[in-house]
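The values are calculated or read from the model by the stated rules, or taken from the named source; none is laboratory data. Worth saying up front: this structure is predicted, and the values here are computed from it rather than measured. With ideal geometry, Cβ positions are generated from the backbone for all residues, glycine too; neighbour counts draw on all protein chains shown. Please note that ligands, DNA and RNA were not included when accessible areas were found on the heavy atoms of the full protein model with its side chains. Shrake-Rupley method; radii C 1.70, N 1.55, O 1.52, S 1.80 Å.
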Amino acid sequence: MANVRFRRIEGNSAQYYMFMAVAGAVAAMAPLSALYMFVNGHHVTGMTNQVPWGMPIVMAIYLIGASAGSLVLSAMSSVFGKTEYQPFARIAALLAILLIVAALMAIIMDWGRPDRILVPFFHFQPRSMFSLNAILYNSYMLVGFLYLLAQFKESKFWKKALGIAAVFIAVGVHSGTGAIFGFVFVRELYNSPLLPPSFIAAALSSGTALMILILYATFRATGRLLDEKLLHGMGRLMGVFMLVVIYFLFIENVTRGYAPKNYEAASFLLLHGGKYTAMFWIGLVLCGLVIPSLIVFNPSTGKSTPWLLFASALQLAGVLFERYIIVIPAQVMPLELFSDKQVTSVFLDGRYANYSISPVEYAYSIGLFGVVIFGFGLAVKFWAMIPEEARFPEDVK
Amino acid sequence: MSVDRRDFLKIGAVMAAGTIAPAISGAAGQDEEGASSKNLWGMVIDINKCDPECTACYDACRKENNVPHFPEPELDIHWIRKIKFKQRGVPNAEERSMPAMCFHCEHPPCAHVCPVAATFKRADGIVLIDKHRCIGCRYCMVACPYKARSFVSKHVEHQPGENPESPIRMHGVVEKCDLCVHRIDQGKQPACVEACKKTGGGGMVFGDLNDPKSEVSGIVRSSRATQIRADLGLNPRVFYLGV
Ligand code: SF4
Ligand code: SF4
């Protein structure tokens, strides 16, 4: 295997500064909208006492997923011996770190009291999935960082050791994130032992999709050579991950729908939930999974880069829908105090709630993407992240 | 390259500190603290005495605890609320009502999920929120099966005529019924129970479940009393008669 040479980008062009200015402005939307939420109170968002978790939590688990997926991809070369991925190891590790940073921002800035950021450092509740995840996320960031550092050293041992640690902890982080919801036993649409593993599957598929798009864009923008065969291989990998997602989705919903006590929950999500049902079938299943799978497994479109980029974009959007469907509908459904009685109250008991994303939450969410892109643009200028060229190994020999 | 590495190490050190700190302080998070485990406070509500139009408990709670009223029903804060219900599938079923609040569960999922142990259970069974510790993450609201918790999503100002014995509600944190812990600690009954006796139907009985001679434990022992969603296994300390 030829040695991959990495080089910083110059980053002196007018385009670069333009790009960074736009990315910076978008990134600033995240903290600014968080400040707006904090100063006014959460009543400026779409979140209510009926639906206490909204778009910020959706974004958090989306970004965590993409992060775990990127880190596993990065470790492909050092841990799983897939040497053709070596050129992307640094970019993927960098992205993993940036995505987890953005995810933590998404969580913390959504607190009612982000000014109490230090409180979790002094109080810990071992039974709380949030508390355990705080440790997992921090360790994950640390390991991800050391792993990235190891990429700059020519030590096969450290690359591999930290790569293995990174893969384990990425799986842990994602299981923990799934468990935040899976352990909530009072809400039928959350409570499921399958949530942790299906979270990992969606993390891998969306992480791969993101990498395909970012790699293409990065090599294009920097004018460096990227053998598209590499992308097509990643496309097939994404396809396999998508099949796993489909499998989990199928098992989870069939198991849930089988129990009479869950008829209402299952039919709400799958049949009469209005926009949520539409997001499930059209956003997630059709656009996010079925169409991109057909594209990557079809021999002709699977080897066409434009098609592949299209499939990746669809999959990325599909997983965003998936995250939304995980977080929101379970809260929209009324909590049943009695299984045999129709209930009403001034606090809207017994009624389906309504949640729609408010403008400030849109700004918040888009801003988080900006944070990742801005960080990426900055890092590739100061550190040698991007290879001078990425070729398929056989072609190098 | 060496400069790169030094920068990296600096950031790494900061992150390492962030990882280790919570683990060191991890001794906290105990389930029960404060008060005395001699008592176990609980309540029985006889809904046969509860008129659907009566709001005595609801009004008294708002006044006692300075619970503000927000005009939007989905944002309003409820420490106690009146629930009306009808048997499903029975034509012309009679409408009945009952108050519902935090049931002070023996196994409170709200406390279990709270990442900073801001929600905790006192030794006398009262589930409380330390509003100076709560970070407002709202995990507890997602986990409580009884919708007993409200997030204060607006700033609340001091009002003329507010109860000086209670603080005003704090924006950005989650709040709920504390069983009028300030009154219990003075040997008094919760405000809702007192109001129900005075101007309502008198169906609320409050007392010590540990005391075999108390009225509440007598009724609970009679096994006519039921818990809401007993299937969840949380063992709420608010019981109902006639549901
Ligand atoms: S009723 Fe809800 S808020 Fe009260 S202790 Fe039980 S779970 Fe917690
Ligand atoms: S909102 Fe407050 S009380 Fe509820 S889980 Fe979060 S920190 Fe605990």
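Just a few scattered comments:
- Candidates are the residues of region B:118-127 that are open to solvent by less than 10 Å² (accessible area, probe 1.4 Å) and under 29 Å from A:ILE108 (Cβ atoms); the one that is farthest from ligand 1 (Cβ to nearest atom) is B:ALA118.
- Those residues of region B:107-118 which are more than 12 Å from the chain's Cα centre (by Cα) and either away from ligand 2 (no atom under 16 Å from the Cβ) or small (Gly, Ala, Ser) (or both), in sequence order: B:ALA117, B:ALA118
- Of A:VAL79, A:VAL51, A:VAL72, A:VAL58, all but one fail to be among the hydrophobic types (A, V, I, L, M, F, W, C), modelled with pLDDT under 95 and surrounded by 21 or more Cβ atoms within 10 Å (Cβ to Cβ); the exception is A:VAL72.
- Applying the condition of being within 9 Å of ligand 1 (Cβ to nearest atom) and surrounded by fewer than 24 Cβ atoms within 10 Å (Cβ to Cβ) to region B:128-141 and asking which residue is nearest to the chain's Cα centre (by Cα) yields B:ILE129.
- Residue in region B:142-161 that is more than 9 Å from every other protein chain (Cβ to nearest Cβ), of a type in the set (Gly, Ala, Ser), closer than 18 Å to B:TYR58 by Cβ and open to solvent by 20 Å² or more (accessible area, probe 1.4 Å) present: yes
- For region B:95-106, the count of residues that are closer than 30 Å to A:PHE122 by Cα and touching a strand residue (DSSP E or B) at 6+ places or on another chain (Cβ under 6 Å) is nonzero.
Residue by residue, here is whether (1) assigned to a loop (DSSP other than H, G, I, E, B); (2) more than 16 Å from ligand 1 (Cβ to nearest atom); (3) not β-branched (Val, Ile, Thr) holds:
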| residue | (1), (2), (3) |
| --- | --- |
| B:ASN66 | yes, yes, yes |
| B:HIS69 | yes, yes, yes |
| B:LEU75 | yes, yes, yes |
| B:HIS78 | yes, no, yes |
| B:ALA93 | yes, yes, yes |
| B:CYS105 | yes, no, yes |
| B:VAL116 | yes, no, no |
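- Some residue of region B:164-175 being closer than 18 Å to B:ARG62 by Cβ, open to solvent by 60 Å² or more (accessible area, probe 1.4 Å) and among the charged types (D, E, K, R): yes
- For region A:264-304, filtering for residues that are modelled with pLDDT of 95 or more, among the hydroxyl-bearing types (Ser, Thr, Tyr) and open to solvent by 40 Å² or more (accessible area, probe 1.4 Å) leaves 0.
- Region B:173-214: number of residues that are within 16 Å of ligand 2 (Cβ to nearest atom) and assigned to a helix (DSSP H, G or I): 1
- Yes/no for B:ASP76 being modelled with pLDDT of 95 or more, open to solvent by 50 Å² or more (accessible area, probe 1.4 Å) and under 18 Å from the mean Cα position of the chain (by Cα): no
- Comparison of B:SER223, B:SER217 shows that the only residue that is open to solvent by 20 Å² or more (accessible area, probe 1.4 Å) and either in a helix (DSSP H, G or I) or free of Cβ contacts under 8 Å to residues at least 40 places away in the same chain (or both) is B:SER223.
- Helices (runs of 4 or more DSSP H) wholly inside region A:73-159 containing at least 1 residues that are more than 16 Å from ligand 1 (Cβ to nearest atom), touching a residue at least 60 places away in the same chain (Cβ under 8 Å) and over 20 Å from the mean Cα position of the chain (by Cα): A:129-151
- Residue in region B:189-198 that is touching a residue at least 12 places away in the same chain (Cβ under 8 Å), more than 13 Å from ligand 1 (Cβ to nearest atom), within 14 Å of another protein chain (Cβ to nearest Cβ) and in contact with a Cys (Cβ under 6 Å, 6 or more places away or on another chain) present: no
- Taking region A:340-365 as the range and being of a type in the set (S, T, N, Q) and farther than 20 Å from A:ALA28 by Cβ as the test, the residues that pass are A:GLN342, A:THR344, A:SER345, A:ASN354, A:SER356.
- Conditions (1) within 12 Å of ligand 2 (Cβ to nearest atom); (2) out of contact with any Phe, Trp or Tyr (no Cβ under 9 Å at 6 or more places or on another chain); (3) part of a loop (DSSP other than H, G, I, E, B); (4) within 29 Å of A:GLY350 (Cα to Cα): number failed by B:CYS140: (3)
- B:GLU95 meets each of the listed conditions (1) open to solvent by 10 Å² or more (accessible area, probe 1.4 Å); (2) facing chain A (nearest Cβ under 8 Å) apart from (2).
- Conditions (1) closer than 30 Å to A:PHE121 by Cβ; (2) open to solvent by less than 10 Å² (accessible area, probe 1.4 Å); number of the one not met by B:VAL193: (1)
- In region B:142-169, residue modelled with the lowest pLDDT [restricted to those that are of a type in the set (S, T, N, Q) and more than 16 Å from ligand 1 (Cβ to nearest atom)]: B:GLN159
- Number of residues in region A:133-162 that are open to solvent by 60 Å² or more (accessible area, probe 1.4 Å) and out of contact with any Leu (no Cβ under 6 Å at 6 or more places or on another chain) equals 6.
- Residues satisfying the stated conditions in region A:82-112, i.e. within 16 Å of ligand 2 (Cβ to nearest atom) and acidic (Asp, Glu): A:ASP110
- Comparison of A:ALA179, A:ALA201 shows that the only residue that is within 14 Å of chain B (Cβ to nearest Cβ) and either assigned to a helix (DSSP H, G or I) or basic (Lys, Arg) (or both) is A:ALA179.
- Filtered by the rule that a residue be in a helix (DSSP H, G or I), farther than 24 Å from A:VAL173 by Cα and not small (Gly, Ala, Ser), region A:214-232 gives A:LEU215, A:TYR216, A:THR218, A:PHE219, A:ARG220, A:THR222, A:GLU228, A:LYS229, A:LEU230, A:LEU231, A:HIS232.
- Taking region A:163-179 as the range and being of a type in the set (A, V, I, L, M), open to solvent by less than 30 Å² (accessible area, probe 1.4 Å) and in contact (Cβ under 8 Å) with a residue 60 or more places away in the chain as the test, the residues that pass are A:ALA166, A:VAL167, A:ALA170, A:VAL173.
- Restricting the first member to region B:102-114 and to residues that are within 11 Å of chain A (Cβ to nearest Cβ), and the second to residues that are near ligand 1 (Cβ under 6 Å from one of its atoms) and of a type in the set (Ser, Thr, Tyr), the beta-carbon pairs closer than 9 Å and six or more apart or on different chains are B:PHE103/B:TYR146.
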